[in-house]
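The values are calculated or read from the model by the stated rules, or taken from the named source; none is laboratory data. Note that the structure is predicted; figures quoted are calculated from it, not measured. Cβ sites come from the backbone with ideal geometry, for glycine too, and all protein chains shown count toward neighbours.
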Amino acid sequence: MQSSNQPWSSLWKTLFGDPLRAFGIVSAILLVLLAIAPAKNHFSEWRHYQKGYLRMVRSRGEAVTLQRHFQPGIQQIWHPDIGVTDRCTSCHVGLKEASLTDVKFQPYRKHPVIPHTTEQYGCVMCHRGQGAATTVEEAHSSTLAWEQPILPARYIESGCGQCHRANLEGTPQLNQGRALLARYGCVQCHSIKLPDAGVMQATQDAPSLSHIADKTTREWIFAWLKDPQSYAASATMPNFKLKDDDIRDISAFLIANSNPVAGDTLPPISQKAADSTAGASLYGESFCASCHAVQNAAGNLVGGNVGPELTRIGNKTKPEWLRAWIHNPRVYDPGTQMPHYRFSDQQVATMEGFLLAKSDSDFLANVHLDPATPEQIAHGKSLVMEYGCSSCHEITGIKKPENFAPELTRIGSKSISQLIFLPGMSHTLPDYIAGKIRQPRAFSPGLKMPQYSFTLTQIDALTTALLAQNDRAQSMPPSLSVPAPQTSHYRPAGKAGQIMSDLACFSCHAINGRGGDMAPDLTWEGSSVQRKWLEDFFRNPGTLRPALIRRMPKFNLSNEEISTLSDYIMTVYQTPEFDRESLPESGYSATQVEEGKQLFYSKYGCQSCHIVDAKSDKGYIGPTLTGVGSRLTAAWVYHWLKNPQALRPGTVEPNRNMSDDEAKSLTAFLMAQKGSGTKEAKK
Amino acid sequence: MMTKRIPLAVIVLCLVVCALMLAASGCARQSASAAGPAPTAYGSAIVESSGGKQIGAAGSALPQPLVVQVNDDQGNAVTGAAVTFSGPSGVSFDPPTGLTDSSGQLSASVSLGGMAGRYQLVASTMTKAQKRVEIKSEEIALDYQRRLGQLLDDKYCSRCHNPESTSERVSNFDNLEVKPHAFTEGDTLNKMSDADLLAIISHGGPALNKSPLMPPYGYTLSKTEMQALIAYIRMISDPPYQAPGMVYAQK
């Protein structure tokens, strides 16, 4: 032992034996230690990037300006009220330099133009990452101390969704994601609380199953549950991947549990369509395709997605139910979006024949079910409860379950340590969410979440919307939060209101903030049109826009109904901005009309979008104006010309800022266009 | 002494790291090509079937997949040829490599990188003589401002400026006496300055002695919106638009 200590003690003696030498050596060590901190600072990453920036800038034409703007040292954006401490601009030096858009590499490229500045909210608010960090690794990547790495650019719109609850024009992906959450029933099982104490609502209610035996057969339910998309490619219902025995029991329960609705079936109508093309033309004339899609020979869906796809409707519905539904859908489902068409018996029979022919003989060929036993029915009921069917569907005797699936209010801040990833998956929250939507059962075979058939774009949109549901969004100061507009529950009153709900006007038209966007907003229709035209339009609707596909169906209204509706519309749906009778509908001087004509064709080039003279004008974009003098009120035309956006926000016609005199002359010219414009356009 | 040793250590460390990285990248490249399925046939040419010249959002998947076709000497489709997609950093393909199907085609969904701009994608296949043949296609990624411009174009402009009709919308192009310029017409539009475009959009055609069929949008759109529109027009123009450099006084 002593011998091994020998060299150490001699070394000690040589170094520290002499007090002066010892002092020198200790000082040297101290100096070196003291140098470590400045050296670390000197070699830090952000200095390296700042030097690199100055080197890059030197060769550019605008070097002097850029050098003047450059501020050395650590930069920080600090907003304690919203939890922002971002030092990203220490390395991302050129974020605000307009001329650096051509830089192809980071961190020197200019930030793309967005509605906010980096000073306002910092960077991490949208991009995530660790704002206070000053090294690339710590700022961008997930570390032990900071779980939120930089968000991939494809989900960047989630940042907007933290404050903006309403749809924004510039964030189509976020809007789509939220719409999907509401439309595909995600929010029926997973509750998503909003910062203003509400919850996200589903937009489409799945059909009630309480009376399903009236509508369809057990065999169809079986085939549908086995694979909804094999019946209709566009079905929103997901695939629950159930075993055949389980489907047999669920279908048995649903049929046994169904109770009939009086009047929702009709006996066969003796008149049958003689002409085989009559069905197709009635389907076309009634504009069924505005809401319902049918797969064409090429396999493409043609039609809208408001109602269910009808490609194989003949396999689904019982003839007696379909007949009654076409006759009056409100008997079976009082809240349906489908209008009551008031078809004649002949038309009902024609439509029934046409729809029943839309079937696929193979679809139910392999479904053979024995009569259900009580055990099967009981088991079916327990399965229906287990899978939460009543979260979306109304089922007699089973209540809508509460908190059926995990709440997703803060899913966008979920800690990665709480997640279980699949092998080979990258350990990030967006990938987890997207993976879970793509293939939920891959995470665990026992999960109840069904398999949806979303496209890649839809999954990205859903992930974006879910990432916006995070802690930051919940704790945003109210001054920054932009709430969604209040949903309108407007209902027209009285007898006219009854007719309007019977015709399901709100499925296509919006009035006072409620309704669809397929057809024009009618909030101020009473100020806009002349009564006679409105009545004629109800009797024989045509299109006003030659280039549009969707058109108003003919509802076979009685004269009394037409007069009730017209009275209501003309009295109630008036704008407070002007009096509809403030300008005369005729009696303008010839010079004024001629002046208006000059303005129309020469100065304002209106014929590029509108048709007044059906022979020479070709404009296809705006409504046809051939009979506008018999259609619109002069006051509406005048105020429209003065400022179209004031009467209908978001309309395509630009505001021309014309003088009062010009607007008056043009009004005179347009009001001189008498005649029934709709008939000519109807072709 | 200490200060001398640090750089030495750093250099050694760098060398080791570089060697490791080289080895790793070599491995990765090998494993990537090994991961692709073995080709059962070889073609002599590769062509783009569809999916080129798309416009998408930066960082997002393009609306349509990129479809390429492998042909033999006679121009017949080749089934089972191996195709590899590649692109600048940030671009991802699903699948990145694969065999052509019975119609000689391989389709991949493409996600563009996070930066706005033009992305050149390359699809390549090997001929029998192990020669690499490739086809390049260009896609455009839009940032927030240009996407806003795209939405505005869709709403206000494309009805006349885009001669193509879709099933949703009939083009008004043929109905106009004076034909508007398509926004991709770089030969014409690239010569116009941003100020000229802004003048035409806000004051209409007559502002630059052009047709009054082009209405003024200055009272309808905000300046931000018009700038977004111009940024979008510049981005999609073909040939690409080169912004004039800033002019500074020389010494």
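State yes or no: is A:TRP146 outside any strand (DSSP E or B), at pLDDT 90 or above and of a type in the set (Phe, Trp, Tyr)? Steps first, answer last, please.
On the way: outside any strand (DSSP E or B): yes; at pLDDT 90 or above: no; of a type in the set (Phe, Trp, Tyr): yes.
It is false that A:TRP146 is outside any strand (DSSP E or B), at pLDDT 90 or above and of a type in the set (Phe, Trp, Tyr).
Looking at A:THR575, A:THR624 in this structure, which one is away from every other protein chain (no Cβ under 14 Å) and among the hydroxyl-bearing types (Ser, Thr, Tyr)? Quick ask: steps written out before the conclusion?
Working: A:THR624 fails: away from every other protein chain (no Cβ under 14 Å).
Exactly one residue qualifies, and that residue is A:THR575.
Quick one: would you say A:GLN229 is touching a helix residue (DSSP H, G or I) at 6+ places or on another chain (Cβ under 8 Å) and more than 14 Å from chain B (Cβ to nearest Cβ)?
On the way: touching a helix residue (DSSP H, G or I) at 6+ places or on another chain (Cβ under 8 Å): no; more than 14 Å from chain B (Cβ to nearest Cβ): yes.
No: the conditions fail for A:GLN229.
Determine whether the stretch A:508-518 contains at least one residue that is among the acidic types (Asp, Glu), closer than 27 Å to A:LEU670 by Cβ and within 27 Å of the chain's Cα centre (by Cα).
Yes, the stretch A:508-518 has at least one match.
Pick from A:HIS111, A:HIS116, A:HIS48, A:HIS92: which is within 30 Å of A:LEU480 (Cα to Cα) and either in a helix (DSSP H, G or I) or in contact with a Phe, Trp or Tyr (Cβ under 9 Å, 6 or more places away or on another chain) (or both)?
Exactly one residue qualifies, and that residue is A:HIS92.
How many residues does the stretch A:83-96 hold that are within 14 Å of chain B (Cβ to nearest Cβ) and closer than 10 Å to A:TYR53 by Cβ?
Qualifying residue count, the stretch A:83-96: 2.
Within the stretch B:211-239, restricting attention to residues that are within 28 Å of A:ALA646 (Cβ to Cβ) and charged (D, E, K, R), which residue is farthest from the other protein chains (Cβ to nearest Cβ)?
Looking at residues that are within 28 Å of A:ALA646 (Cβ to Cβ) and charged (D, E, K, R), I get B:LYS223.
When you go through B:GLY117, B:GLY113 one by one, which is the residue that is on the phi > 0 side of the Ramachandran plot, buried (at least 17 other Cβ atoms within 10 Å of the Cβ) and either in contact (Cβ under 8 Å) with a residue 40 or more places away in the chain or within 11 Å of another protein chain (Cβ to nearest Cβ) (or both)?
B:GLY117
Go through the stretch A:409-448 and give me each residue that's farther than 29 Å from A:MET476 by Cβ, among the aliphatic types (A, V, I, L, M) and out of contact with any Gly (no Cβ under 8 Å at 6 or more places or on another chain).
A:ILE420, A:LEU447
Please enumerate the residues belonging to the stretch A:400-437 that are within 20 Å of A:TYR387 (Cβ to Cβ), of a type in the set (D, E, K, R) and either touching a strand residue (DSSP E or B) at 6+ places or on another chain (Cβ under 9 Å) or not in a loop (DSSP other than H, G, I, E, B) (or both). Walk me through it before giving the result.
Step one: list which residues in the stretch A:400-437 are within 20 Å of A:TYR387 (Cβ to Cβ), which gives A:400-408, A:436-437.
Filter again for of a type in the set (D, E, K, R), leaving A:400, A:402, A:407, A:436.
A:GLU407, A:LYS436 - these are the residues of the stretch A:400-437 that are within 20 Å of A:TYR387 (Cβ to Cβ), of a type in the set (D, E, K, R) and either touching a strand residue (DSSP E or B) at 6+ places or on another chain (Cβ under 9 Å) or not in a loop (DSSP other than H, G, I, E, B) (or both).
Taking the criterion of being more than 14 Å from chain B (Cβ to nearest Cβ) and in contact with a strand residue (DSSP E or B) (Cβ under 9 Å, 6 or more places away or on another chain), would at least one residue in the stretch A:638-658 satisfy it?
The answer is no; no qualifying residue exists.
Tell me yes or no: at least one residue of the stretch A:63-73 is of a type in the set (A, V, I, L, M) and touching a Gly at 6+ places or on another chain (Cβ under 6 Å).
The first filter runs over the stretch A:63-73 and keeps only residues of a type in the set (A, V, I, L, M), leaving A:63-64, A:66.
Cutting the leftovers down to touching a Gly at 6+ places or on another chain (Cβ under 6 Å) gives us none.
No, because not a single residue in the stretch A:63-73 is of a type in the set (A, V, I, L, M) and touching a Gly at 6+ places or on another chain (Cβ under 6 Å).
Taking the conditions exactly as written (in contact (Cβ under 8 Å) with a residue 24 or more places away in the chain, away from chain B (no Cβ under 14 Å) and within 28 Å of the chain's Cα centre (by Cα)), does A:ASP471 satisfy them or not?
The answer is yes for A:ASP471.
Any idea which of B:PRO216, B:PRO206 is without any contact (Cβ under 8 Å) to a residue 12 or more places away in the chain and surrounded by 14 or more Cβ atoms within 10 Å (Cβ to Cβ)?
Matching residue, one of B:PRO216, B:PRO206: B:PRO206.
Could you tell me how many of the residues in the stretch A:455-514 are under 28 Å from A:CYS163 (Cβ atoms) and touching a His at 6+ places or on another chain (Cβ under 8 Å)?
Going through the stretch A:455-514 one residue at a time, the tally reaches 2.
Pick from A:GLU320, A:GLU386: which is surrounded by fewer than 17 Cβ atoms within 10 Å (Cβ to Cβ) and in contact with a Ser or Thr (Cβ under 7 Å, 6 or more places away or on another chain)?
Selected residue: A:GLU320, the only one of A:GLU320, A:GLU386 that is surrounded by fewer than 17 Cβ atoms within 10 Å (Cβ to Cβ) and in contact with a Ser or Thr (Cβ under 7 Å, 6 or more places away or on another chain).
Residues are listed down the side, and each one gets a yes or a no for (1) touching a helix residue (DSSP H, G or I) at 6+ places or on another chain (Cβ under 7 Å); (2) not in a loop (DSSP other than H, G, I, E, B):
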site	(1), (2)
A:GLN592	yes, yes
A:GLN598	no, yes
A:LYS615	no, no
A:GLY619	yes, no
A:LEU625	yes, no
A:GLY629	yes, yes
A:GLU653	yes, no
A:ASN657	no, no
A:GLU662	yes, yes
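Every residue in the stretch A:97-135 that is aliphatic (A, V, I, L, M), surrounded by 17 or more Cβ atoms within 10 Å (Cβ to Cβ) and away from every other protein chain (no Cβ under 14 Å), please.
Correct list: A:VAL124, A:MET125, A:ALA133.
For residues that are closer than 10 Å to B:SER107 by Cα and within 14 Å of chain A (Cβ to nearest Cβ), scanning just the stretch B:52-71, find the one that is surrounded by the most Cβ atoms within 10 Å (Cβ to Cβ).
Here the residue is B:LEU66.
Which fully enclosed helices (runs of 4 or more DSSP H) of the stretch A:179-296 have 2 or more residues being more than 33 Å from the chain's Cα centre (by Cα)?
By residue number, A:212-215, A:218-226, A:244-257, A:277-285.
Does A:GLU375 count as surrounded by fewer than 14 Cβ atoms within 10 Å (Cβ to Cβ), in a helix (DSSP H, G or I) and modelled with pLDDT of 85 or more?
Yes: the conditions hold for A:GLU375.
Can you work out which of the residues in the stretch A:611-632 that are hydrophobic (A, V, I, L, M, F, W, C) and surrounded by fewer than 22 Cβ atoms within 10 Å (Cβ to Cβ) is nearest to B:GLU168 (Cα to Cα)? Give the derivation first.
Taking the stretch A:611-632 as the starting set, the residues that turn out to be hydrophobic (A, V, I, L, M, F, W, C) are A:611-612, A:614, A:621, A:625, A:628, A:632.
So of that shortlist, the ones also surrounded by fewer than 22 Cβ atoms within 10 Å (Cβ to Cβ) come out as A:614, A:621.
On the way: A:ALA614: 23, A:ILE621: 12 Å.
Ranking the candidates gives A:ILE621 first.
Does A:ILE569 fit the bill of being in contact with a strand residue (DSSP E or B) (Cβ under 9 Å, 6 or more places away or on another chain) and either away from chain B (no Cβ under 14 Å) or in contact (Cβ under 8 Å) with a residue 24 or more places away in the chain (or both)?
Against the criterion (in contact with a strand residue (DSSP E or B) (Cβ under 9 Å, 6 or more places away or on another chain) and either away from chain B (no Cβ under 14 Å) or in contact (Cβ under 8 Å) with a residue 24 or more places away in the chain (or both)), A:ILE569 qualifies.
If you take the residues in the stretch B:173-198 that are buried (at least 16 other Cβ atoms within 10 Å of the Cβ) and over 17 Å from B:GLY149 (Cβ atoms), which one is nearest to the other protein chains (Cβ to nearest Cβ)?
B:ASN175
Considering each of B:SER124, B:SER137 in turn, give the residue that is modelled with pLDDT of 90 or more, touching a strand residue (DSSP E or B) at 6+ places or on another chain (Cβ under 8 Å) and within 30 Å of A:GLN173 (Cβ to Cβ).
Values: B:SER124 fails: within 30 Å of A:GLN173 (Cβ to Cβ).
After applying the criteria, what remains is B:SER137.
Here are the criteria: (1) crowded, with 19+ Cβ neighbours inside 10 Å; (2) over 30 Å from B:ASP72 (Cβ atoms); (3) more than 9 Å from chain A (Cβ to nearest Cβ); (4) of a type in the set (Ser, Thr, Tyr). Tell me which single one B:SER137 does not satisfy.
Here B:SER137 clears every test but (2).
Conditions (1) under 20 Å from A:THR651 (Cα atoms); (2) without any contact (Cβ under 8 Å) to a residue 12 or more places away in the chain, marked per residue:
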residue: B:ASN162; (1), (2): yes, no
residue: B:ASN172; (1), (2): yes, no
residue: B:MET192; (1), (2): no, yes
residue: B:ALA231; (1), (2): no, no
